[in-house]
Amino acid sequence: MSEYLRLSRLYLVLLAIFTIGRWVTGARGVPYERGRDWFSIVIMTAMACFFYAAFMRRWRSYKLFQAVGLAMTLGLMSQVVILGATALSYALGMDTYFTHPTALNVEAPLPAGEALGRRLMGLVGNTISSGIVGGLGWALGALLPEK
């Protein structure tokens, strides 16, 4: 696990940038439909899981389960940040991209408890899907050149 955390330092910097970008974009009043993809944590996480797993296979000789474990670690960190940002948004009474109904897959605004419950389900589901994306990245990592 400590190796995964050491390898994910660059990812953590990107995660911080994307999280701050989402906060600022929402706070500046950019409509969610227009700005949601600019700093999509989920899309960034999926791309990172894919590429990390591919490169770790080729250049660090990771086995499939090591690559999947790294990808799931990245996914879990993202989901914890999303959960925390959602909780903080509700605690501060702010309408942010983290509390927007579309981000929570609903039609209308939700109370905090219900929104956080949805985020907890996302924590489990997106961590698993990050592992799957990592597995795909690992499989295609064989196409990368040798060290």
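Is it the case that segment 129-147 has a residue that's basic (Lys, Arg) and either in a helix (DSSP H, G or I) or over 25 Å from residue 11 (Cα atoms) (or both)? I'd like the intermediate steps shown before the answer.
Step one: list which residues in segment 129-147 are basic (Lys, Arg), which gives 147.
Retained after the next criterion (residues that are either in a helix (DSSP H, G or I) or over 25 Å from residue 11 (Cα atoms) (or both)): none.
Scanning segment 129-147, I find no residue that is basic (Lys, Arg) and either in a helix (DSSP H, G or I) or over 25 Å from residue 11 (Cα atoms) (or both), so the answer is no.
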Just one of (1) modelled with pLDDT of 95 or more; (2) in contact with a helix residue (DSSP H, G or I) (Cβ under 8 Å, 6 or more places away or on another chain); (3) among the hydrophobic types (A, V, I, L, M, F, W, C) trips up residue 110, so point out which. (1)
All but one of (1) under 18 Å from the mean Cα position of the chain (by Cα); (2) free of Cβ contacts under 8 Å to residues at least 60 places away in the same chain; (3) assigned to a helix (DSSP H, G or I) hold for residue 37; which doesn't? (3)
Identify the residue in segment 96-131 that is touching a residue at least 24 places away in the same chain (Cβ under 8 Å) and either surrounded by fewer than 14 Cβ atoms within 10 Å (Cβ to Cβ) or of a type in the set (A, V, I, L, M) (or both) and, among all such residues, is farthest from residue 23 (Cα to Cα). 128
Output for Cβ contacts, cut-off 7 Å, separation at least six or different chains, first residue farther than 18 Å from residue 74 by Cβ and surrounded by 12 or more Cβ atoms within 10 Å (Cβ to Cβ) in segment 1-27, second at pLDDT below 90 and of a type in the set (Gly, Ala, Ser), reads 25/35
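Are any of the residues in segment 55-62 in a loop (DSSP other than H, G, I, E, B), touching a residue at least 60 places away in the same chain (Cβ under 8 Å) and either of a type in the set (S, T, N, Q) or over 29 Å from residue 95 (Cα atoms) (or both)?
Restricting attention to segment 55-62, the residues satisfying the condition of being in a loop (DSSP other than H, G, I, E, B) are 61-62.
From what is left, the residues that are touching a residue at least 60 places away in the same chain (Cβ under 8 Å) are 62.
Still in the running and either of a type in the set (S, T, N, Q) or over 29 Å from residue 95 (Cα atoms) (or both): 62.
There is at least one residue in segment 55-62 that is in a loop (DSSP other than H, G, I, E, B), touching a residue at least 60 places away in the same chain (Cβ under 8 Å) and either of a type in the set (S, T, N, Q) or over 29 Å from residue 95 (Cα atoms) (or both).
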Mind telling me which of the residues 42, 13, 30, 24 ends up being outside any helix (DSSP H, G or I), among the aliphatic types (A, V, I, L, M) and modelled with pLDDT of 85 or more? 30
Just one of (1) over 25 Å from residue 2 (Cβ atoms); (2) free of Cβ contacts under 8 Å to residues at least 12 places away in the same chain; (3) in a helix (DSSP H, G or I); (4) of a type in the set (Gly, Ala, Ser) trips up residue 84, so point out which. (1)
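The values are calculated or read from the model by the stated rules, or taken from the named source; none is laboratory data. All figures in this text were calculated on a predicted structure; none of them were measured in a lab. Glycine gets a Cβ as well: all are built from the backbone with ideal geometry, and neighbour counts include every protein chain shown.
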